[in-house]
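One structure is given below, encoded as structure tokens.
What follows is calculated from the coordinates using simple rules that are stated; it is not laboratory data. Bear in mind that the values here come from a model prediction, so they are computed numbers and not experimental data. Please note: Cβ atoms are built from the backbone with ideal geometry, for glycine as well, and neighbour counts cover all protein chains shown.
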Amino acid sequence: MARRTIVTMPGDGIGKIVLPEALRVLEAAGFDFEPVHADIGWELWCREGNPLPQRTIDLLEEHGVGLFGAITSKPPAEAARELAPELRGKGHVYYSPIVGLRQHFDLDVSIRPCRTFPGNPLNFVRRSREGVEEPEVDVVVFRQNTEGLYSGVEWTNPPEQVRAAFATHPKFARFADVPGDDLAISTRIFTRPAVRRIVRAAFEYAAKHGYRSVTVCEKPNVIRQTSGMMLAEARAIQEEFPGIELWNTNIDAQMMWLTKNPEAYGVIVSGNMFGDIVSDGFAGLTGGLGFAASANIGRTCAVFEPTHGSAPKYASYETSIVNPIAMILSAVLMLEHLGEQAIADRIRAAIARVVAEGRVRTYDMARLPGSPDALKQGAASTTEMTDAIIAALD
């Protein structure tokens with residue numbers, strides 16, 4: 001394929017460490033690309049009052065594909081205190097730049113694969129009558145990425161017209177006398193087109209990759225309108241995919257069942273908050289945050305990122321100990337999105353080979369405390385893990 005320009009957004013903390021490692025692997029695997037750096041993150045907020053500057057949006061609008069490292073976010077009062085003095089009191093409000101990217105580009109389909117690598121000491125195990133067993137987990141979570149509780153429509157001390165609107169619902173009566181300063185409201189908004197798109201994407205993925213089930217993981221027995229809409233649309237769309245079963249689980253029960261029979265599930269689809277929760281739960285069974293990758297896909301743009309945070313403590317170490325595999329797997333998702341399946345398969349196979357051999361393990365895989373001393377106890381550095389994966393490409 002033609003040479004691609006990839007917008008690279010390291011962001012904060014360990015994002016600045018792991019993203020260059022992923023680029024090394026892409027280059028070694030033969031992907032023909034040109035990285036273009038873009039500014040994003042906490043330092044931009046402190047210096048400019050905007051963690052997502054227009055120049056970064058312009059680059060993504062031009063090139064349509066981005067790799068993102070990690071972001072630091074802090075509560076509003078703390079964020080305001082860390083602004084440059086000349087920017088304070090001028091109306092700047094911190095908002096997560098990755099959420100901003102999702103909403104600006106309508107990156108409404110989030111895909112979070114949670115797959116075990118054989119030989120990973122962090123894989124989920126359980127006891128059976130025969131002893132200890134390690135089930136193979138292969139779950140892909142489809143998370144609606146732009147609506148729900150993360151849509152940002154919320155208030156503390158809501159204005160009178162908002163209170164008046166909520167007062168039209170009979171169940172708001174018990175909050176009618178709560179003083180405004182003591183009342184906070186966050187809305188959970190689902191729209192039918194967005195629900196249909198994420199559910200259809202889940203079924204199409206299941207059909208393409210041979211999964212036998214799609215599970216709607218919501219709470220329709222309590223959150224009847226929003227969760228109910230997703231379940232109703234899933235039932236309608238499932239009729240187009242007769243070879244794929246539709247399952248329905250409540251988020252709370254699902255979090256229990258995923259540690260009992262995680263191998264039973266295939267594709268899971270949820271709204272924003274529940275998708276975030278269930279994908280982290282399954283990620284914990286397949287190696288944790290060091291292996292958790294994700295895609296944010298819209299109609300004109302796609303951004304790929306590990307689901308871990310910026311972990312500023314680890315970014316300060318003289319020799320980095322963090323696991324770069326989640327970032328590298330996010331780059332693999334990017335390759336698949338771009339149609340570079342052969343290179344994607346080659347990198348994933350190299351990761352599998354390194355994990356299975358077990359000679360090179362970062363501190364998390366070695367079950368060591370996350371301190372610089374982990375290197376003295378035999379843990380591999382970030383660079384050493386990347387080097388091993390590159391060597392395994394051959």
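Grab the beta carbon distance between Leu183 and Glu27, set R0 = 51 Å, and tell me the FRET efficiency rounded to 0.05.
E(calc), rounded to 0.05, equals 0.45.
Spelling out what I want: for every residue of the stretch 124-135, take phi, set θ = phi - 60°, compute 6.51 cos²θ - 1.76 cosθ + 1.60 (Karplus), and round to whole Hz; glycine and proline get x.
Karplus-based 3J(HN,Hα) across the stretch 124-135 equals 5, 10, 8, 8, 9, 4, 8, x, 9, 10, 10, x Hz.
Once you have a ≥ b ≥ c as the square roots of the Cα gyration tensor eigenvalues for the stretch 169-275, tell me rounded if a/c is under 1.5, and otherwise prolate or oblate according to whether a/b is larger than b/c.
Because a/c hits 1.5 or more and a/b exceeds b/c, the stretch 169-275 counts as prolate.
Rg (Å, one decimal) plus Dmax (Å, integer) for the alpha carbons of the stretch 64-209?
Spelled out, the Cα radius of gyration and Dmax of the stretch 64-209 are 22.0, 67 Å.
Which cross-chain or sequence-distant (5 or more) residues have an amide H under 5 Å from the amide H of Thr8, H modelled 1.01 Å from N in plane?
Placed amide hydrogens put Val36, His37, Ala38, Leu67 under 5 Å from Thr8.
Counting Lys and Arg as +1 and Asp and Glu as -1, what is the net charge of the other residues whose Cβ lies under 11 Å from the Cβ of Gly11?
-3
Beyond a 25 Å Cα-Cα separation, which of these cross-linked pairs lie in this structure: Lys74/Lys313; Lys16/Lys90; Lys208/Lys260; Lys171/Lys219; Lys219/Lys260?
Lys16/Lys90; Lys208/Lys260
I need two numbers for the stretch 231-345: Rg to one decimal and Dmax as a whole number, Cα atoms only, in Å.
When restricted to Cα atoms, the stretch 231-345 yields Rg and Dmax of 16.9, 56 Å.
Once label points are set 7 Å from the Cα along Cα→Cβ at both Lys208 and Ala342, what is their separation, rounded to one decimal in nm?
According to this spin-label approximation, the distance is 1.9 nm.
Counting pairs of alpha carbon atoms under 8 Å apart in space and at least six apart in sequence, what relative contact order in percent does the chain give?
Once normalised by length, the contact order is 21 percent.
Would any residue of the stretch 7-48 have its amide N under 15 Å from a label point 7 Å out along Cα→Cβ of Asp58? List them or say none.
Under 15 Å, as judged by backbone N against the label point of Asp58, lie 37-40 of the stretch 7-48.
Would you calculate a helix-derived [θ] at 222 nm for the chain, using -39,500 (n - 2.57) for each DSSP H run of n ≥ 4 and dividing by the full residue count, to the nearest 500?
-11500 deg cm²/dmol
Please go through the stretch 113-158 and write out the trypsin sites (Lys or Arg not before Pro) that DSSP classes as loop and that have at most 12 other C-beta atoms within 10 Å.
Arg129
Along each of the three principal axes of the Cα atoms of the chain, give the extent in whole Å, ordering the values from largest to smallest.
For the chain, the Cα extents along the three principal axes come out at 66, 59, 44 Å.
Output wanted: per-residue J couplings in Hz (rounded whole) for the stretch 160-167, from phi through Karplus 6.51 cos²θ - 1.76 cosθ + 1.60, θ = phi - 60°, x for Gly and Pro.
For the stretch 160-167, the Karplus-derived couplings read 4, 5, 5, 4, 5, 5, 5, 5 Hz, x marking Gly and Pro.
Using a Förster radius of 56 Å, what is the FRET efficiency between Val153 and Val132 based on their Cβ-Cβ separation? Nearest 0.05, please.
With R0 = 56 Å, the Cβ-Cβ based efficiency is 0.75.
Give the shape of the stretch 292-394 as rounded, prolate or oblate, defined through the alpha-carbon gyration tensor: a ≥ b ≥ c are the square roots of its eigenvalues, a/c under 1.5 means rounded, and otherwise the shape is prolate if a/b is larger than b/c and oblate if not. Mind showing how you got there, number by number?
Working: a/c = 2.92, a/b = 1.47, b/c = 1.99.
In terms of gyration-tensor shape, oblate.
Starting from the Cα-Cα distance between Ser96 and Arg81, subtract it from 0.36 nm times their residue separation and give me the gain in nm to one decimal.
The span from Ser96 to Arg81 would gain 3.8 nm if fully extended.
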